[in-house]
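No lab work stands behind these numbers, since they all come straight from the coordinates. As the structure is a computational prediction, the values presented were derived from the model and not from experiment. When we count neighbours, we look across all protein chains shown, and the Cβ atoms used for this are built from the backbone with ideal geometry, even at glycine.
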Amino acid sequence: MPRLAAYEDFAQATGTACFVLVRVVEAKGSTPRDADAWMLISAASTFGTIGGGRLELEAIDQARNVLAGAEAAPLALPLGPAIGQCCGGHVTLSFEIIPPSRFDEIQAVVEAEDAGDPEVWLFGGGHVGRALAAALLLLPVKVQVVETREDELALTPDGPTRHLTALPESLVAEVAPGSAVIVLTHDHALDFLIVSAALKRDDLAQVGMIGSDTKRMTFEHQYVREGGDKTRLSRLTCPIGRKLADKRPEVIAATVAADIIAALADWQAARRQATS
């Protein structure tokens, strides 16, 4: 979900006044956010979060004191009974006044963060696809919806990028590395083509397909029979989401969205570890 619009609203509301950039410069033990988390605080509003709770209230108080003329000194806080939190960790915050002349600089940072959000490609825009698209719009991902049916694609909620194509499997090559590919079309044969194309790639964070254990078994047999590499089947998540008695699209979408975010986070953590 792009944060740029929210930042622009914050900056516009701040007007010609300054705001304070609050950054977590050190996080030890159990803390709500890690180092480099940040938020902006003006005299009347805030943008972003460093974790909420008493920690954030203390940060807001100090930031507004800084705006009123107090020294912009670091704030070290133990997250224990002294401030009414029970995380048990320790956080150090920095405070920096940002004048209007630097608003564009902060906007560029927000734009870069938005641009770095991973992609989630939904192949299928039916009832579950639409519900999943809506759920993902609340999250820091870029949603792409692919459909062969123009009328179904038109029902996609505003926000995702829409792709109308007769050959959805051909778009798998356009998916950015580190993305999630989730397949939930109305046609099992189409599902097979898209998933087969996705499993040829080694650079996707997740390949998921809606269905049942039986559908997975059927897919595996066909995939191997048609020459697919059996070792790649371990990369397929099917069924996706949790098995619940409630099978309404919105409920399915909630559990699938959680799985997608976990898969993206695991992928990014593995990439960081590989390059460290």
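Quick notes
- Compared with the dominant Cα axis of the chain, that is its longest principal axis, helix 188-199 is turned about 60°.
- If both residues of a DSSP beta bridge must be in the chain, then about 50% of such bridges are antiparallel.
- Rounded to two decimals, the Cα radius of gyration of the chain over 2.2 N^0.38 Å is 1.21.
- At R0 = 51 Å, FRET efficiency that the Cβ-Cβ distance of residue 213 and residue 273 yields, to 0.05: 0.95
- For segment 117-275, the Kirkwood estimate of the hydrodynamic radius, built from every pair of different alpha carbons, is 15.6 Å.
- In the structure shown, the pairs 215/247; 142/230; 28/142 are assessed against 28 Å; a Cα-Cα span above that value is assigned to 142/230; 28/142.
- Three semi-axes of the equivalent ellipsoid, segment 1-106, Cα gyration tensor, whole Å, largest first: 24, 15, 11
- P(r) of segment 206-274 over all Cα-Cα pairs, binned every 10 Å from zero, in whole percent: 18, 40, 31, 11
- Principal-axis tilt of helix 103-115 within the chain, Cα atoms, nearest 10 degrees: 20
- Taking 0.36 nm per residue of separation and subtracting the Cα-Cα distance, full extension of the segment from residue 226 to residue 115 would add 36.1 nm.
- What the phi angles of segment 262-272 give under the Karplus curve with 6.51, -1.76 and 1.60, with θ = phi - 60°, is a coupling list of 5, 5, 5, 5, 5, 4, 5, 5, 5, 5, 4 Hz, glycine and proline written as x.
- Cα-derived Rg over Rh, computed across segment 70-162 with Rh taken as Kirkwood radius: 1.23
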